[in-house]
């Protein structure tokens, strides 16, 4: 069986972003999973000119990553009760490569809410893109207290929470991958 291809998306391009620590932890836990290959996507490494799904608004490297992906794990900070515009721009650049693929979420905030409102906002967007949301979200509240200055995790329970999310994401990825390959929708 081919390994599942899971893409971990860091959700912001901000220079001072604590969410990068959570995103790297999510990728690290993902690399510990059997039968899984992780691709880490930092939006700072890509170029998304313009808006939307037009050919001139795509980064061909990101298009190739999403085409190969079986699932996504989005790590998003919460800015003003929602998710960053840079994440929306990246998500909007692809449509056909998301359909019937699962997505898990980790929300990050410097407050006690742990990105819950960013995840709520993301659910509307990813559904329209054809992605299937899991329900085992991870919340990183008060993120500056969860990681040290080098990005090392200080609270081990979060590793277990990320693992629980991967358990569901991997199951859904296998089921939906089988479905995409074996069941053709009636249209």
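The values are calculated or read from the model by the stated rules, or taken from the named source; none is laboratory data. These figures come from a predicted structure and were not determined experimentally. Neighbour counts run over all protein chains shown; Cβ positions are idealised from the backbone, glycine included.
Observations on the structure shown:
- Filter pass, residue 159 being crowded, with 17+ Cβ neighbours inside 10 Å and out of contact with any strand residue (DSSP E or B) (no Cβ under 6 Å at 6 or more places or on another chain): no
- Filter result for residue 26 (part of a strand (DSSP E or B), under 20 Å from residue 147 (Cα atoms) and in contact with a strand residue (DSSP E or B) (Cβ under 8 Å, 6 or more places away or on another chain)): no
- Where helices (runs of 4 or more DSSP H) fall entirely within segment 56-159, those with at least 2 residues that are in contact with a helix residue (DSSP H, G or I) (Cβ under 7 Å, 6 or more places away or on another chain) and at pLDDT below 95 are at 85-92.
- Matching residues in segment 150-173 - criterion: being over 19 Å from the mean Cα position of the chain (by Cα) and within 9 Å of residue 29 (Cβ to Cβ): none
- Any hit, segment 30-37, residues being over 15 Å from residue 139 (Cα atoms), in contact (Cβ under 8 Å) with a residue 40 or more places away in the chain and part of a helix (DSSP H, G or I): yes
- Counted residues, segment 43-55 - those being farther than 18 Å from residue 8 by Cα, out of contact with any helix residue (DSSP H, G or I) (no Cβ under 8 Å at 6 or more places or on another chain) and assigned to a loop (DSSP other than H, G, I, E, B): 1
- Residue in segment 74-88 that is farthest from residue 39 (Cα to Cα), counting only those that are surrounded by fewer than 23 Cβ atoms within 10 Å (Cβ to Cβ) and within 14 Å of the chain's Cα centre (by Cα): 84
- Of all residues in segment 165-182, those being modelled with pLDDT under 95 and surrounded by 14 or more Cβ atoms within 10 Å (Cβ to Cβ) number 1.
- Residues satisfying the stated conditions in segment 115-129, i.e. over 19 Å from residue 71 (Cα atoms) and buried (at least 21 other Cβ atoms within 10 Å of the Cβ): 115, 118
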